[in-house]
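Input: a single structure, listed below in structure tokens.
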Amino acid sequence: MNKKVIIGIDTSNYTTSCAVCSLDGIILENYKELLPVKVGENGLRQSDAVFAHVKNFQIISKKIKEKHAEYEIVAIGYSSYPRDVDGSYMPCFLVGSAVAEMISALFNIPAFHFSHQAGHIQAALYSSKLETDDKFVAFHVSGGTTEILIVTPDKSSFNISLLGGSIDLHAGQAIDRIGVKMGLKFPCGKEIEQLALENQIKTPNCKICVNQFECNLSGLENLALKLYNESKNPNLVSAFVLDFIFKTISKITENIRNKFGDIKIVYAGGVMSNSIIKNNLSSKFKDIYFAEPQFSTDNACGVALLARKAFIG
């Protein structure tokens, strides 16, 4: 008998993703193909991202066909917009929406759509093994978003409201801009982390800018590039960048604890896969939860799990 599964699809501005989960809520497969970015460039135009997603789906479909003829797809979930706010839109999500709706029509199965952000939060809950029906706080820190959210689970997804976040540059944007200026390949998170881990020099003191649950990160780019021009030391600069982001997130976390007490806090998004930031936060705070790296960066696992929840419900 074929195994009944649910498919998840996510087409962000970084990655083409497809995930397979079982009806009992276990992620069976997690396929990801990065969008190609030319050396020296900070990301892709939306038209180029759309074209790259179409090409990447050819690669992913072959992988699924080769390995999983025994699956019976009973439902499909997809991310159709970036965030859970009115007017949230990005053309790259149209590719995943079109593929998912086509599969839904061909197999005569239900399709459920969610925000990319909700998928990140669900993937983080799954990976951290946090099961809760209570309200919690979620950090969504990536190249496209740096937000702090109040999240309440419901029958099929979440009720999400904005608590705070960056009012200028996103954390992932800062990392990528600085990394590209140092000659790294976009996206630069992994290389920045490795360079920082190899640093042997004490990082300069940094003055962060946090107001309750909001922060400014544009100053980080200027400070880091000034340090790089003076030192020509990518290891030192990488350590400085991650220390600045850690201290910013740490201060906001401290303010959340002061206002909300022991509320659970979940960290999601590609920046939160960084081991340095994660370890420093974990040593300072209790009752905080992180996704493993493969569930923290862009992926379709969260939307597959949300589709399962909606299908069963």
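Things to note:
- Unique match (being over 24 Å from N258 (Cα atoms), under 13 Å from the mean Cα position of the chain (by Cα) and not in a strand (DSSP E or B)) among A124, A118: A118
- Residues located in the range 197-221, provided they are touching a Ser or Thr at 6+ places or on another chain (Cβ under 8 Å), within 12 Å of I252 (Cα to Cα) and in a loop (DSSP other than H, G, I, E, B): I208
- With respect to the conditions (1) within 19 Å of Y78 (Cβ to Cβ); (2) in contact with a strand residue (DSSP E or B) (Cβ under 6 Å, 6 or more places away or on another chain); (3) buried (at least 18 other Cβ atoms within 10 Å of the Cβ); (4) modelled with pLDDT of 95 or more, F136 falls short on a single one, namely (1).
- From the options G189, G143, G172, residue that is out of contact with any Ser or Thr (no Cβ under 8 Å at 6 or more places or on another chain) and among the small types (G, A, S): G143
- Scanning the range 226-279 for residues that are among the polar types (S, T, N, Q), in a helix (DSSP H, G or I) and within 17 Å of G179 (Cβ to Cβ) yields N229, S231, N235, S238, S273, S275.
- Subset of the range 274-313 that is touching a helix residue (DSSP H, G or I) at 6+ places or on another chain (Cβ under 6 Å) and among the small types (G, A, S) - its residue that is nearest to G144 (Cα to Cα): S296
- Among the residues making up the range 183-201, those that are surrounded by 20 or more Cβ atoms within 10 Å (Cβ to Cβ) and among the aliphatic types (A, V, I, L, M) are L184, I192, L195, A196.
- On the stretch given as the range 170-190, residues that are more than 19 Å from N229 (Cβ to Cβ) and touching a residue at least 12 places away in the same chain (Cβ under 8 Å) total 8.
The values are calculated or read from the model by the stated rules, or taken from the named source; none is laboratory data. Quick caveat, the model's predicted, so the values are computed rather than measured. Cβ coordinates were reconstructed from backbone atoms using ideal geometry, including for glycine residues, and neighbour counts include every protein chain displayed.
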